[in-house]
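The values are calculated or read from the model by the stated rules, or taken from the named source; none is laboratory data. Keep in mind that what you see is a predicted model, and the values were worked out from it rather than measured. Quick reminder, even Gly has a Cβ in these numbers, built from the backbone with ideal geometry, and neighbours come from all protein chains shown. Keep in mind that these areas ignore ligands, DNA and RNA; they rest on the heavy atoms of the full protein, side chains included. Shrake-Rupley method; radii C 1.70, N 1.55, O 1.52, S 1.80 Å.
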Amino acid sequence: MGRRDGNWIGALVLAWAVAGCSQPADTAATAADPALREPADLLLVNAAVYTLVPDAPWAEALAIADGRILAVGSTAEVTGRYAGEVRDLQGAMVLPGFHDAHAHPISGGIQSLQCDLTAAATVAETLALIAACHRDFPDTEAAEDDWLVGGGWNLGLFPDANPSKRLLDDIVGDRPVYLEGEDGHSGWASSEALARAGISADTEDPPLGVIERDASGEPTGTLRETAQELVRGQLPPITDAMRVAGALAA
């Protein structure tokens with residue numbers, strides 16, 4: 001989805017509440033004279049608009065201006081009353097915005113200043129970003145000592161959401177690397193990071209945590225939930241300066 005698409009979706013997210021009180025567009029006086037149509041930024045037409053209004057749960061079109069929904073109705077009603085950019089959705093669904101329940105601005109901001117993998121859409125892009133981080137952050141506050149730290153990798157890119165330590169080892173060699181998954185409940189560690197944390201085939205899963213393993217019982221490099229703390233405990237400490245920088249970045 002492009003940045004332009006995000007603009008009109010943002011309008012829906014910000015303004016859907018008005019849909020419940022918006023009236024169907026009355027075209028009786030305007031359809032005959034296009035010059036009388038009211039201005040709008042965007043008309044979404046030929047769509048399946050789910051309004052969440054119990055008495056009228058479905059509509060076909062809506063008009064948006066200044067981040068607000070002006071009217072919801074049929075394509076004929078909306079285009080008859082409003083003039084603006086028309087986007088034919090060809091039956092696609094339009095829904096109210098989905099909102100994350102919470103956010104972690106400081107830790108998320110810190111991660112954005114470390115090895116940030118959130119932009120990667122493929123495994124190849126993920127590995128390319130890690131290689132760039134390994135090259136560009138050899139000795140920074142975000143990668144204090146010899147650690148490379150970051151996160152944001154997409155779990156869905158890897159089989160069973162379980163990326164291998166070998167993918168990291170091939171890039172960084174014996175450098176300790178720890179990268180938190182975009183879900184916040186998974187971590188990806190290099191072989192050296194696992195070794196520094198004392199994680200081996202003999203290490204038991206901690207309570208409420210999982211050390212992912214291959215068929216031989218060897219840790220693969222992916223850690224779930226509290227198992228992440230085994231490596232996190234070895235990371236360079238987060239300083240007050242990093243917290244301030246993270247908050248400002250967020």
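Remarks
- Computed over region 168-250, relative contact order equals 24 percent, with contacts defined as Cα pairs under 8 Å that lie 6+ residues apart.
- Cα-projected label distance for Asp146 with Ala195, points at 7 Å along beta-carbon direction, nm: 0.9
- Prolate/oblate/rounded label for region 124-207 (Cα gyration tensor, a/c 1.5): oblate
- Leu235/Leu52 FRET efficiency (R0 45 Å; Cβ-Cβ; nearest 0.05): 0.55
- Gyration tensor (alpha-carbon) shape descriptor, region 161-208, a/c threshold 1.5: oblate
- In nm, spacing of pseudo-spin labels at Ser74 and Ala128 (7 Å Cα→C-beta vector): 5.0
- Ordered from largest to smallest accessible area (heavy atoms of protein chains, 1.4 Å probe), the residues Trp147, Trp58 come out as Trp58, Trp147.
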